[in-house]
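In what follows, a structure is listed as structure tokens, so that the remarks can point back to it.
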Amino acid sequence: MAILHANLEPDIRLAAQLDQALLITLTDMATIRNTAAVDFHGTVNGSGSDTARLRYVSLGGADHFESVGEDATASVTALVDTSVDIAVTRSTLRREIGDIATSTGFAQDVDPQTLATDMVASYDGYFNSLLTAAGATASTTVGSSGVDFSHDDFMDGLFTLELASVPGPYFAILHPRQFADWQESLRAEGGSTQFMAATADILTIKGQGFAGSHSGVDIWKMSDVTESGGNKLGFMFGANTFGYKVALINSRSMIGAGSSVAVAVDEVLVEITRDVNRAVTNIVGNAWVGLSLKEQSRIVGIVTDA
Amino acid sequence: MSHRFTGTPIKATSTKSQVVEDTALPGRPTPKFVYCHNPSNWSFHTDHGFIPNVTKIQIRPGVNGCKRPPNGHIPMLSRLRSDGWIPIDESGPIKVTDPESGQIVDDMGYLHQWEGKRGPIYQDAWSWPTLLGAGSAATCDWSSQFDRAGFVAWQVQLRDSGTVPPIGPGIAARLLKVKGRRADRRVADGHDGNPHIQAHVNREHAELEAMKTAAVEAGAKVKGRAPTAKKRGPGRPKKVTTDGS
């Protein structure tokens, strides 16, 4: 009788052997946090509040000089002021892994260190969702409900910002659905658009995150773009439209914390603690962040079919 | 002559595992929200004229000044009100399409909660889930079954009931200008006889004319007429030389 693999399972051969590599399932890993698209306004540490109020006044030439008569009394021009709040709140992600699960792992596997390192990626995803939620509140929109995104919508957005004298650089956050519809629209474009190198560039395959520039606008694809009313709520904006603040947890919070390892990874505090009674390790990431749309006049929403 | 062979019915597939029905929906949980209307945000519908757009304001701590629950959204909504936004009561009357009859009917409350595997999912009354795929790879599509007719009927209701004030003449004029630019952009391409582009141009101009009528009703001043695509004339006759060339 021949020695067959089928006969050797499960004593001599394995039904399946686990591969050494640890792969990651498909997820949107785009990050926009460390770009010029969002202003970082520092921390609320030592400020006395978890909420920061950004103050705006009509200076910088908002009020022009006026011609008056030679001996006329100059009238008083009042300042216009407004403000925007950034409320810093807590966000967290907790993992828990048993000792035997860690010990039986391969060299590259799910273990406390891998889980701790991955916290920043999860934080970036959370940050994206804050940005898209804030961007969805644009009071002026272009596009049509239930109609696919087109190059006309893109240009309408651009014109809207230019007419409002919004300073650049410009950014656009689009859902992959909107981006694909735009690619479809660009294929049929004529005139000057069809000859632009940027048009050809946009039509090439795009992965996650930054998808290229067109007409001076940096385009980002994000699956976190808000959906509402059967539409995707993308948006285009200029410089200084969004701002965020964080709270950084320092050693004052750790006094008397007992046995734990705390590592500040970027804006995330990752702590690893042992639960010896259950023989498990807790990996907890905490981040305190708030993000706000600072000025409505600097943004235009792009509302198109989902 | 009968034979002694017998066949036993068997199954091509069998499983010992038990499939558990899971009614919770896949996907990330979503926060509660309030629909708000900004007086500058309107759109044009060919059947209903100008209708108010509504914006989904998520009650999400950390976004736009929203603080921690349970009352952290109150300062955010107050600020929106002071900036001219109009929050729409989430328990108020709405219009939806009756799935049985297909008719638009009255209902109450636009904020609906669905059970999600990872937490509650909040959607509006017009969004219905469609499962794509199965198992761990399953996703939930909320847009393909969207009740657009019901949603538009609700927008009309918001306008006609006075929940939101009428569109301002300046807003109507601005929308008209944007529409006019879009309608005219491909007129030149239509001259070349491409029937697809010509149909597009005609459609845009028909909508533009309807929009002009609605804008006039809203008090906007409308100047001029939209240029229409004309077919090229035969042009000058070719010069014929005496030698016939």
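The values are calculated or read from the model by the stated rules, or taken from the named source; none is laboratory data. These figures come from a predicted structure and were not determined experimentally. All Cβ positions, glycine included, derive from the backbone under ideal geometry; neighbour counts span all protein chains shown. Please note that ligands, DNA and RNA were not included when accessible areas were found on the heavy atoms of the full protein model with its side chains. Shrake-Rupley method; radii C 1.70, N 1.55, O 1.52, S 1.80 Å.
When only Cα pairs below 8 angstrom with a gap of at least 6 residues are kept, region B:1-154 shows a relative contact order of 22 percent. Projecting the Cα atoms of B:180, B:135, B:155 onto the charge dipole of region B:121-181 (Cβ charges, centred on the Cα centre) puts B:180 farthest toward the positive pole. Heavy-atom accessible surface of residue A:261, to the nearest 10 Å², is about 80 Å², with a 1.4 Å probe and all protein chains retained. Each stretch of four or more DSSP H residues adds -39500 (n - 2.57); spread over every residue of chain A, this sum gives -6500 deg cm²/dmol at 222 nm.
Taking the convex hull of the alpha carbon positions in region A:79-208 and averaging its projected area over all directions gives 13.8 nm².
With every protein chain in place and a 1.4 angstrom probe, the accessible-area ranking of B:111, A:161, A:22, A:79, largest first, reads A:79, A:22, B:111, A:161. May I ask for the distance between the Cα centers of region A:102-116 and region B:198-225, given as a whole number of Å? Cα centroid to Cα centroid, the span is 64 Å.
Using the Cβ-Cβ distance between residue A:187 and residue A:7 with R0 = 51 Å, the FRET efficiency computed as 1/(1 + (r/R0)^6) comes to roughly 0.35. Measuring nothing but protein heavy atoms, the accessible surface of region A:182-226 at 1.4 Å probe radius is 55 percent carbon and sulfur.
GNM remark for chain A: springs join alpha carbons under 10 Å apart, and the peak mean-square fluctuation among A:58, A:139, A:223 falls on A:58.
Counting Cβ atoms of other protein chains within 10 Å of each Cβ in A:229-241 and taking the mean gives 3. Within chain A, the ratio Rg/Rh, alpha carbon atoms throughout and Rh by Kirkwood, equals 1.12. Since only A:282, A:213, A:110 are under comparison, the one whose Cα sits farthest along the positive direction of the charge dipole of chain A, derived from C-beta charges on Lys, Arg, Asp and Glu, is A:282.
The residues of the protein assembly as shown present an accessible area of 58 Å² per residue when probed at 1.4 Å with all protein chains retained. For residue A:294, the solvent-accessible surface computed with a 1.4 Å probe is close to 20 Å², ligands and nucleic acids excluded.
Counting only protein heavy atoms and a 1.4 Å probe, tell me what percentage of region B:140-186's accessible area is made up of carbon and sulfur.
58
Residues of region A:67-116 that bury at least 20 Å² of accessible area once all protein chains are present, compared with their chain alone (1.4 Å probe, heavy atoms only, ligands and nucleic acids left out), are A:83, A:85, A:87, A:89. Sorting the segments A:300-306, A:68-74, A:196-202 by their residues' average number of neighbouring beta-carbon atoms within 10 angstrom, most packed first, yields A:300-306, A:196-202, A:68-74.
The calculated FRET efficiency for the pair residue A:79 and residue A:239, based on their C-beta separation and a Förster distance of 22 Å, comes to about 0.45. The listed residues B:167, A:219, once ranked by accessible area (1.4 Å probe) with the largest placed first, stand as B:167, A:219. Buried accessible surface for the A/B chain pair comes to about 3000 Å², total over both chains, computed with a 1.4 Å probe.
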